[in-house]
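Asker: First the structure, which I've put down as structure tokens, then a few questions once you've had a look.
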Amino acid sequence: MDKIQIDTKGMDCPIPLIELKKAIAEADAGQEIEVEFTCPEATVNLPQYCQENNIEVLDYEKEGNKFWRIKVRK
């Protein structure tokens, strides 16, 4: 089971959240999903969505001044 990687850098909200939701819907149970994004709103929206929907957040970090990355498990 491969990790799903999504690059939404340079895309405004709600695109990162929409792409995360789509990946979660298509992922197998236990599959990891990684989203890279630059939209500041997504720094709140993505973790909040995961918390509200019982999606496990494995890692959440900022890559320098370039972008954020969140890794979740369905």
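Asker: Restricting attention to strands (runs of 3 or more DSSP E) lying wholly within the chain, give those where 3 or more residues are out of contact with any helix residue (DSSP H, G or I) (no Cβ under 6 Å at 6 or more places or on another chain).
Answerer: 32-37, 56-63, 67-73
Asker: Mind telling me which of the residues Gly10, Gly30 ends up being loosely packed, with under 15 Cβ neighbours inside 10 Å, touching a residue at least 12 places away in the same chain (Cβ under 8 Å), closer than 15 Å to Lys74 by Cβ and not acidic (Asp, Glu)?
Answerer: Gly30
Asker: In addition: Do we have Ala42 as surrounded by 15 or more Cβ atoms within 10 Å (Cβ to Cβ), modelled with pLDDT of 95 or more and at negative phi here?
Answerer: yes
The values are calculated or read from the model by the stated rules, or taken from the named source; none is laboratory data. All figures in this text were calculated on a predicted structure; none of them were measured in a lab. As a convention, Cβ positions derive from the backbone with ideal geometry for all residues, glycine included, and neighbour counts pool all protein chains shown.
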